[in-house]
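Comments concern the structure below.
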Amino acid sequence: MGPRRFDLRVLLSAPTISFDGYTSNHDTKPLDSGDAPFFSLADEAPTMTASWAALFERAEAYDIDRVEIRATADDLSTEEEGDDG
Amino acid sequence: MAERPNPARVVADHEVLATDLLVGGDARDALDHVRRHSWVELVASDPLLERTERLVSVLADPELAADHRARLEAERVAVEQPEGDHPALASAYQGQAAQLLSYDDRLRSAKAGLTLQPRVSLSVRPPDAFARLFDPESLYEAVEGGEYPGPDRDPRA
C-alpha cells in the first residue's frame, strides 16, 4: 500500500460527550497550529510486515473462542500492574 | 454540531479488533467488509490501538499483539484524541466515522443514545449486524459514485 494522505480538518471546538466515566471535552485546540491537519500518513506510511492470513493463523494456536472483557482502561492498567508483580 | 459523518468510515472497538484476530466469526466477517474495499476506511486513534494491543497481549502473546498493531497502524486512518477520552467513541467522533462496531450494549442503550445523538450521528452496532447489513453497492454509490465495481482488495493479504 502506498502513502496515503488524509485531510480531516482540525476541530477548533467540539461538544462534550460523557460516557462510561469518560468525558470528551474538545473545547481547546488539539494542535498548536489551527491549519495543521489532525494527521498525515503521507510521509510515514508504516510497513506492513504480516498478512492477515498469517496473523489469523498464528492466533488460531491460542484456541480462543470468545473475547468478552468489560474492562475500563483503569481495569486493564491494574491487570498489567499485577502481571508485573 | 459535528459535521456529517462519512458512512464509509468505520471504527471497531478493542474487543471487536481482538475478536477479529483471535476468534474470527462475526467480527472477522464485519472487518472483512472493510478490508476488501479500499474506499471503506478503518479509523483508530493511538489509544484505541494501545488498548487493543494490551488486550491481545493478555489473551495471546505480546509478539502477536505487536504485529497485529503494526498491521492495524498500516491500514487505519489515524486520528488524534484528547487524553482521557473513550478510545472508540473518540476515534469515531474525531474521524467523522458513521459506524462504530462494538459488543458493548451499553453504547447502544437509550441512555447512551440520549448522550450521543445530539452530538454525533453515529450508528453503534454489534459486528454481526454490521456484517449482515453492509451493502457495498448502495454505499459505493453514495460515497464514491457510479456502479459498484466489486471488492478491490484481498482481505487476507
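Across peptide B:86-95, what mean number of C-beta atoms from other chains lies inside 10 Å of a residue's C-beta?
Numbers: counts 10, 2, 2, 5, 4, 0, 0, 6, 8, 4.
Mean shielding count: 4.
Suppose R0 equals 30 Å; then what is the FRET efficiency for B:Glu63 and B:Asp105 from their Cβ-Cβ distance, rounded to the nearest 0.05? Walk me through the numbers before you get to the answer.
Details: r = 32 Å, r/R0 = 1.08.
About 0.40, to the nearest 0.05.
To the nearest Å, what is the center-to-center distance of region B:118-157 and region B:90-107, using C-alpha atoms only?
So the separation of the two Cα centres works out to 15 Å.
Output the peptides B:85-98, B:64-77 sorted from most to least packed, where packing is the average of other Cβ atoms within 10 Å over each peptide's residues. Before the final figure, lay out the partial values.
Numbers: B:85-98: 26.3, B:64-77: 20.3.
Descending mean neighbour count gives B:85-98, B:64-77.
Set the Förster radius R0 to 41 Å, insert the Cβ-Cβ distance between B:Gln117 and B:Asp29 as r into 1/(1 + (r/R0)^6), and round the FRET efficiency to 0.05.
Step by step, r from the Cβ atoms, then E = 0.90.
Considering every residue in B:13-23, what mean count of other chain Cβ atoms within 10 Å of its Cβ is obtained? Numbers along the way, then the final one.
On the way: counts 0, 5, 5, 1, 1, 4, 4, 5, 8, 11, 9.
Neighbouring Cβ atoms belonging to other protein chains average 5 per residue here.
Taking 0.36 nm per residue of separation and subtracting the Cα-Cα distance, what length does fully extending B:Ala142 through B:Asp128 add? Could the numbers behind the result be given before it?
Values: separation 14, 0.36 × 14 = 5.04 nm, distance 2.27 nm.
Extra length available between B:Ala142 and B:Asp128 comes to 2.8 nm.
We did not get these values from a lab; they are worked out from the coordinates using the rules stated. The structure displayed is predicted, hence computed values, not measured ones. Every residue, glycine among them, receives a Cβ derived from its backbone with ideal geometry; neighbour counts consider all protein chains shown.
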